[in-house]
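The structure appears below as structure tokens.
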Amino acid sequence: MNGFTLRYLSAERCALCRECCLFDRYDVYDTPLITAEDAERIHALHGGIRFIPRPDGEYIFDMECVGDVRCCPALGERGCILGRLKPVECLLYPYMMVRAGERIFVAVSDLCPVYREVSDELLRAEVQDNISFFVQIAHQPRYVREYDGQRLIKEIP
Ligand code: SF4
Ligand code: SF4
């Protein structure tokens, strides 16, 4: 899954911010999902990165602790070191897929200091320009979370 870039972000901006790669202790179970295959690939390239299996067969990163904060082990000095092996949810962020009843939407996180300043109109245009990417993800239930007050941008047809 590639070919998608977020036009309002830059690697430099994210490397300075790091907000979405740090998690509160109680958020750890909500961190990006990694398939067994990708966990194996990542571990082969970056031996220091370890994973925790979940009961559903997915994996999550074994996060390092700094006080109450958990830091993703793939976070380097210049941001994420995973390149094309970045988990789908990270590739997508600050967008996310949200289910509200029977409908699925692309939503955007208000935690991202860059994207929370971008208007709905511009975000809708970005989503529309990449609609086949979002539709592909919307059909994978593992990436769709329940609506919880997120800022909805566009319904997936
Ligand atoms: S919160 Fe936004 S700006 Fe900050 S690292 Fe994540 S995507 Fe980049
Ligand atoms: S995999 Fe990369 S983008 Fe995702 S949380 Fe870890 S460091 Fe951040």
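The values are calculated or read from the model by the stated rules, or taken from the named source; none is laboratory data. This one's a predicted model, so the numbers in the text were calculated from it and none came from an experiment. As a convention, Cβ positions derive from the backbone with ideal geometry for all residues, glycine included, and neighbour counts pool all protein chains shown. Heavy atoms of the whole protein, side chains included, go into the accessibility calculation; ligands, DNA and RNA do not. Shrake-Rupley method; radii C 1.70, N 1.55, O 1.52, S 1.80 Å.
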**OP:** Kindly list the number of the only condition in (1) modelled with pLDDT under 95; (2) out of contact with any Cys (no Cβ under 7 Å at 6 or more places or on another chain); (3) within 14 Å of ligand 2 (Cβ to nearest atom) that fails for ASN2.
**Re:** (3)
Original post:
Looking only at the stretch 49-68, which residues are open to solvent by 50 Å² or more (accessible area, probe 1.4 Å) and under 18 Å from the mean Cα position of the chain (by Cα)?
Top reply: ILE52, TYR59, ASP62
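A quick yes/no check of all residues on (1) part of a helix (DSSP H, G or I); (2) without any contact (Cβ under 8 Å) to a residue 60 or more places away in the chain; (3) away from ligand 2 (no atom under 16 Å from the Cβ):
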site: ARG84; (1), (2), (3): yes, no, no
site: GLU89; (1), (2), (3): yes, yes, no
site: PHE105; (1), (2), (3): no, yes, yes
site: CYS112; (1), (2), (3): no, no, no
site: ARG116; (1), (2), (3): yes, yes, yes
site: GLU121; (1), (2), (3): yes, yes, yes
site: SER132; (1), (2), (3): yes, yes, yes
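Scan ILE60, ILE52 and give me the residue that is in a strand (DSSP E or B), without any contact (Cβ under 8 Å) to a residue 24 or more places away in the chain and away from ligand 1 (no atom under 12 Å from the Cβ).
ILE52
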Subject >> Which listed residue is of a type in the set (Asp, Glu) and surrounded by 14 or more Cβ atoms within 10 Å (Cβ to Cβ), from GLU117, GLU126, GLU155 >> reply: GLU126
**OP:** Test TYR29 against the stated conditions and say whether it is more than 13 Å from ligand 2 (Cβ to nearest atom), part of a helix (DSSP H, G or I) and either out of contact with any Ser or Thr (no Cβ under 9 Å at 6 or more places or on another chain) or open to solvent by 50 Å² or more (accessible area, probe 1.4 Å) (or both).
**Re:** yes
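With within 16 Å of ligand 1 (Cβ to nearest atom), surrounded by 18 or more Cβ atoms within 10 Å (Cβ to Cβ) and not assigned by TED's automatic domain parsing to the domain that holds ARG142 as the only criterion, which of ALA107, ALA15, ALA74, ALA39 stands out?
Only one candidate qualifies: ALA74.
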